[in-house]
Amino acid sequence: MTGTFLGMPPFPEAAHDAVNNAQLRHNLRKATHTIRGKRAAVVDELDDWPQLRAAGKAIKDHTLRHLDRYLIQVEEAVTAAGGHVHWAADADEANRIVTDLVRATGERDVVKVKSMATQEIGLNEALADAGIRAYETDLAELIVQLGDDRPSHILVPAIHRNRSEIREIFLREMAEWGEPAPADLTDEPRVLAEAARRHLRERFLSAKVAVSGANFMVAETGTLVVVESEGNGRMCLTLPETLISVVGIEKVVPTWADLEVFLQLLPRSSTGERMNPYTSTWTGVTPGDGPQDFHLVLLDNGRTHVLADEVGRQTLRCIRCSACLNVCPVYERAGGHAYGSVYPGPIGAILTPQLRGTASALDASLPYASSLCGACYDVCPVAIDIPEVLVHLREQVTEQPGHRAERAAMKAAGWVFADPSRLSRVQRLAGHTRRLIPKRLPGPGAAWTDTRNIPEPPAQSFRDWWAQERGSDGSPRRDDA
Ligand code: SF4
């Protein structure tokens, strides 16, 4: 993944400021609650939602099991339709391929369709290093780019900004990137959208090269699919002469009939709409219609590593709807930046440490960025058991060097719980020494007690109370009878 976020502190430290930022918390709460309400209403309309969800899960699992076969099918179909397919093992290779392709056109500017894969590999930064300017055309991505900011939500990357902040960014930055914002710009959504539209129009009309991702790739025809709400994606996908699509290898679905399932699951789960306003599909090159040079960059970047993990591989079912973010109590308070990745929220907490590994303090902290309440699993349209993967990853983190105290504590707890008489003796001891137990732990335990008190053991354990009330054989005392 991109190094853009590397060097960030672990999740608890990064979340600290966000949790204390009342404005940010207000923005996040308002936005996530609005979207989650819309999602719940449109999902409730469908009697067969559980069946659709099960179908989405089954199609993804089947495809992942036979991914090699379906990817070859995609390559053959795209090539037969006049496109070119490139395989990228990691972010560096993908960035190099795209940069070389843009250079070969002689262009210095590209327009972009909102794409998580290109953010993941840090494509804009790589292009900038090569003297190529990438223009984001999705409204929220535009706000993030103009504000020299980082995205904080999968669907609404500028969710942490309110209207007046967006107005200030437009007034300050638009002129540097093209058509300036009008001087009398207000913070009305309609006015802000109109300023963005004018700003982007000259980009669409002058761009010769576009870069996109794709929500899905249909193996049987080699067709790529982008679903969106604004129409900016369709402009990028149809007007330029060259189109370069960077797509994660897990985005493939076998047939158009399979696609039908996801075109119902995705818009309801993401924007709370029955159907997304724009669905664009393209297959290689069509003479006289749309881009005449098409390149598909198939991106691995850690995905085959995820696929090899029996518990973790379900993460690759994700269709990036962001429903899990909108119901997560941790995301709602910590915001997206604390996750240190383009994938925030519950999906980020499981995807990022699998793609990047857990060697850094930040990545090792992500599996703990959850209360394990399970709300994310309930809303996930492809039934990814996020809590299960979180616990699985925590296990892997604690097996790394540097967790000696934690391992020793767990071993001791296991020894105590393995024998009822041991447990009883430890409970009695804790009851007698309860006044001596500190409220905060020193050393490695300090992080745990920074945010909570150690519960005070009761003076008398339940077992002792029971024996006192009922006798050691559990029979009622005679005066109770
Ligand atoms: S994990 Fe599930 S709910 Fe979250 S973004 Fe992916 S598909 Fe959507």
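The values are calculated or read from the model by the stated rules, or taken from the named source; none is laboratory data. Since the model is a prediction, treat every value here as computed from it, not as a measurement. Cβ atoms come from the backbone with ideal geometry, glycine included; neighbour counts cover every protein chain shown. We work out accessible area using only protein heavy atoms, side chains counted, and drop any ligands, DNA or RNA first. Shrake-Rupley method; radii C 1.70, N 1.55, O 1.52, S 1.80 Å.
Of all the criteria given as (1) on the phi < 0 side of the Ramachandran plot; (2) in contact (Cβ under 8 Å) with a residue 12 or more places away in the chain, the one not satisfied by R320 is (1).
Scanning region 69-117 for residues that are of a type in the set (A, V, I, L, M) and under 23 Å from the mean Cα position of the chain (by Cα) yields A88, A89, A91, A94, V113, M116, A117.
Test R313 against the stated conditions and say whether it is of a type in the set (D, E, K, R), at pLDDT below 95 and over 30 Å from V102 (Cα atoms).
No: the conditions fail for R313.
Within region 352-368, being aliphatic (A, V, I, L, M) and either farther than 12 Å from A338 by Cβ or touching a Lys or Arg at 6+ places or on another chain (Cβ under 8 Å) (or both) holds for L355, A359, A361, A364. What residue, of V226, V209, V252, is under 25 Å from G122 (Cα atoms), in contact with a Pro (Cβ under 7 Å, 6 or more places away or on another chain) and at pLDDT 95 or above? From the options V226, V209, V252, the qualifying one is V209. For region 9-27, the condition of being open to solvent by less than 70 Å² (accessible area, probe 1.4 Å), over 30 Å from A446 (Cα atoms) and either in contact with a Leu (Cβ under 9 Å, 6 or more places away or on another chain) or in contact (Cβ under 8 Å) with a residue 60 or more places away in the chain (or both) holds for at least one residue. Applying the criterion of at least 2 residues that are of a type outside the set (D, E) and near the ligand (Cβ under 9 Å from one of its atoms) to the helices (runs of 4 or more DSSP H) found wholly in region 315-398 leaves 323-327, 345-356, 375-379. Here region 321-337 is the region considered, the condition is being among the small types (G, A, S) and over 11 Å from I159 (Cβ atoms), and the residue that is surrounded by the most Cβ atoms within 10 Å (Cβ to Cβ) is A323.
Scanning region 86-94 turns up no residue that is open to solvent by 60 Å² or more (accessible area, probe 1.4 Å), within 28 Å of L259 (Cα to Cα) and assigned to a helix (DSSP H, G or I). Of the residues making up region 402-426, those that are open to solvent by less than 70 Å² (accessible area, probe 1.4 Å) and farther than 30 Å from S360 by Cα are V416, D419, S421, R422, L423, S424, V426. Of all residue pairs spaced 6 or more apart or on separate chains, those with beta-carbon atoms under 6 Å, a first member in region 268-279 that is under 14 Å from L52 (Cβ atoms) and a second member that is among the aliphatic types (A, V, I, L, M) are R268/V42; R268/V43; S269/A323; R274/V42. Taken together, E125, E179, E165, E120 contain a single residue that is under 28 Å from the mean Cα position of the chain (by Cα) and free of Cβ contacts under 8 Å to residues at least 24 places away in the same chain, which is E165. Suppose we keep only residues that are part of a helix (DSSP H, G or I) and within 15 Å of the ligand (Cβ to nearest atom) within region 301-314. Which one would you say is most open to solvent (accessible area, probe 1.4 Å)? By that ranking, first place goes to R313. Only one of the listed residues (A369, A430, A446, A405) is of a type in the set (A, V, I, L, M) and free of Cβ contacts under 8 Å to residues at least 12 places away in the same chain. That residue is A446.
Got at least one residue in region 15-36 being within 21 Å of A219 (Cα to Cα) and not in a loop (DSSP other than H, G, I, E, B)? No, region 15-36 has no match at all. Considering (1) in contact with a Phe, Trp or Tyr (Cβ under 7 Å, 6 or more places away or on another chain); (2) open to solvent by 10 Å² or more (accessible area, probe 1.4 Å); (3) within 13 Å of the ligand (Cβ to nearest atom), the lone condition that V285 does not fulfil carries the number (3). Residue check: T279 meets all listed conditions (1) assigned to a strand (DSSP E or B); (2) open to solvent by less than 10 Å² (accessible area, probe 1.4 Å) but one, namely (2). Scan region 101-113 for residues that are open to solvent by 10 Å² or more (accessible area, probe 1.4 Å) and assigned to a loop (DSSP other than H, G, I, E, B) and the total you get is 3. Within region 114-121, one or more residues are open to solvent by 10 Å² or more (accessible area, probe 1.4 Å), over 16 Å from A193 (Cα atoms) and part of a loop (DSSP other than H, G, I, E, B).
Take the conditions surrounded by fewer than 18 Cβ atoms within 10 Å (Cβ to Cβ) and either small (G, A, S) or more than 17 Å from G284 (Cα to Cα) (or both) and apply them to A77. Does it pass? So A77 does not fit the description; no.
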